[in-house]
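FYI, it's all coordinate maths here, none of it is from the lab. Predicted, not measured: the structure shown is a model, and the values here were computed from it. All Cβ positions, even for glycine, are placed from backbone atoms using ideal geometry, and neighbour counts span all protein chains on display.
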Amino acid sequence: MNDKARQWIDRYVDVYLLVSRRINAQIREQLGEDLTSDQFQVVRLINGMDRCTSSYLAEALAVGKSSVTAIVNRLVDAGIIDRTRDEADRRLVYLTLTEYGHTIFESAQEQMREIISPYLQHFEEKDIEMFISMFEKLGQLMFESGGERIESYTESKMGHHRAVAGGRRRAVYVRAFHGGPGAGEGPAIRAGWIYFFARG
């Protein structure tokens, strides 16, 4: 790694930590009455899928299943989400928003936009689009490189079963960054494809 690369990395880390702290603080302040920031992420992901599971949430948020279960339990107790068992496979439990949950989510989503929008006014549209596109590319590279490492290792050392994890990780990235039903072109196909990998 050369000196220029080190400078880029240091600058990125500095501004990332600053922006993350400030934005997260504002999110906590704005959403505190209805949802925590973690709960908002969970509700947002559930809203984007017809059949969302706790396993999918754990993958998408890169947290343990026990952490997801704790958040889900609180949201169920609050009447924001429902649990429904699959009729064909009772082991599968799907998570969906209640009518009240949809109301809470739409309100929180609008508050989130109000937090971010004032900052966008300082940039031209082409710069905003370029920044978001590059940040999405960075996220894609991180998920794809991780998936390739898992597959290359497991194909040679552990066989097919673990290799599926690499495909699942990439599938979760596509869903998490590009939304689900109602989010744009071909959402139903994407959501079904990702759900297939998540169960694999």
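Could you tell me which residue of region 1-51 is nearest to residue 84 (Cα to Cα), considering only residues that are of a type in the set (Asp, Glu) and assigned to a helix (DSSP H, G or I)?
38
What residue, among those in region 83-103 that are surrounded by 15 or more Cβ atoms within 10 Å (Cβ to Cβ) and of a type outside the set (A, V, I, L, M, F, W, C), is nearest to residue 36 (Cα to Cα)?
So, considering only residues that are surrounded by 15 or more Cβ atoms within 10 Å (Cβ to Cβ) and of a type outside the set (A, V, I, L, M, F, W, C), the one nearest to residue 36 (Cα to Cα) is 101.
Just the residues that are acidic (Asp, Glu) and surrounded by 13 or more Cβ atoms within 10 Å (Cβ to Cβ), please, taken from region 24-81.
Correct list: 34, 38, 50, 59.
Restricting attention to region 52-83, report how many residues are part of a helix (DSSP H, G or I), of a type in the set (S, T, N, Q) and in contact (Cβ under 8 Å) with a residue 12 or more places away in the chain.
3
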